[in-house]
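The values are calculated or read from the model by the stated rules, or taken from the named source; none is laboratory data. From a predicted model like this one, the values you see are computed outputs, not experimental measurements. Don't worry about glycine lacking a Cβ; one is built from the backbone with ideal geometry, like all the others, and counts go over all protein chains shown.
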Ligand code: NDP
């Protein structure tokens, strides 16, 4: 097992991680980034990003993350593909294991591991995952061209994905468990005025139907208890996200849902020298631009920490 001693390790490669990398590299902290399971993060599975300042005509999510990566590499960030599989934050330098095969020693760690999609948790969803069930309309909508699909959720993501699917599919059912949306007014308006989106309020999924591919769904009105079966070929889930913080459990203070706690107004965690940014520690704003801003904070906090705790780094 090879061991490498580094000054600043960045875990995760979304807007938070790359922004931290840009700042850390420019501050000569020689950052090494492990890109994780989904290099580029959640923006790589989205389409148009229209609310990130500096792109007046919008930009596609994957292209934007490609630009982030290039900018981070331009200043010397070492971007590597791999997963952090274990950490030991009991003392500095911190011990980090990558892909269960490589060990790193890091003076500072910036956690930017983001969040992942949540699932409904019904058996048919698992059985038919990849066979018509998906949590990413942008990735898989293509397969349902001209077909009928359903999407669960009532937040901005569900609205965005319903609009996306409506351009591809002949019909999109939107299953909303309450009698109202959670999404912003603008996004609600968009789905409400799209002719081939049918919004079903107070509606929950009983079961997704089909053996080897999705053929329909049995849904239930939670006010009347009435169920009905509707033929569909695609079933999309857009009900929020779970922070990717399991590997840090037991070391880093988190809330009950796994979001990392940071000292208000900073990126500092309960462990000195370990910083957190982006969606891994933010369940409120969760925007690319806020993630990027918090990545900047993490790099500045790490830089100041290193300056105050001078260590010889091999
Ligand atoms: P949210 O947490 O905002 O919404 C999740 C939705 O899923 C809610 O409507 C919730 O219902 C519903 N839900 C949760 N669990 C279930 C379940 N088991 N069955 C049925 N429905 C369920 O997540 P989003 O991913 O939509 O958004 C996350 C954040 O990202 C938000 O802050 C959002 O504003 C932001 N965002 C912004 C975008 C933009 O500005 N372009 C695009 C996408 C996201 P209920 O309302 O009843 O709790």
Exception for residue 129 within (1) surrounded by 15 or more Cβ atoms within 10 Å (Cβ to Cβ); (2) farther than 30 Å from residue 52 by Cβ; (3) in contact with a strand residue (DSSP E or B) (Cβ under 9 Å, 6 or more places away or on another chain) falls at (3)
Could you list, ordered by first residue, the pairs with Cβ atoms under 7 Å in which the first is in region 96-124 and on the phi > 0 side of the Ramachandran plot and the second is more than 16 Å from the ligand (Cβ to nearest atom) and in a strand (DSSP E or B), at least 6 apart or interchain? 99/85; 100/85
Suppose the filter is closer than 30 Å to residue 153 by Cβ, part of a helix (DSSP H, G or I) and either in contact with a strand residue (DSSP E or B) (Cβ under 9 Å, 6 or more places away or on another chain) or in the same structural domain as residue 112 (by TED's automatic domain parsing) (or both); does residue 299 pass it? no
Pull up region 24-55, narrow it to residues that are surrounded by fewer than 22 Cβ atoms within 10 Å (Cβ to Cβ) and not in a loop (DSSP other than H, G, I, E, B), then point me to the one that is farthest from the chain's Cα centre (by Cα). 26
Sole exception among (1) part of a helix (DSSP H, G or I); (2) free of Cβ contacts under 8 Å to residues at least 12 places away in the same chain for residue 285, by number: (1)
Which ranges mark the strands (runs of 3 or more DSSP E) fully within region 153-244 that have 2 or more residues being modelled with pLDDT of 95 or more and away from the ligand (no atom under 14 Å from the Cβ)? 171-175, 197-200, 216-221, 227-231
Applying the selection to region 262-294, what residues are under 14 Å from residue 108 (Cα atoms) and crowded, with 16+ Cβ neighbours inside 10 Å? 267, 268, 269, 271, 273, 274, 275, 276, 277
Using the structure shown, decide if residue 137 is within 16 Å of the ligand (Cβ to nearest atom), under 19 Å from the mean Cα position of the chain (by Cα), surrounded by 18 or more Cβ atoms within 10 Å (Cβ to Cβ) and free of Cβ contacts under 8 Å to residues at least 60 places away in the same chain. no
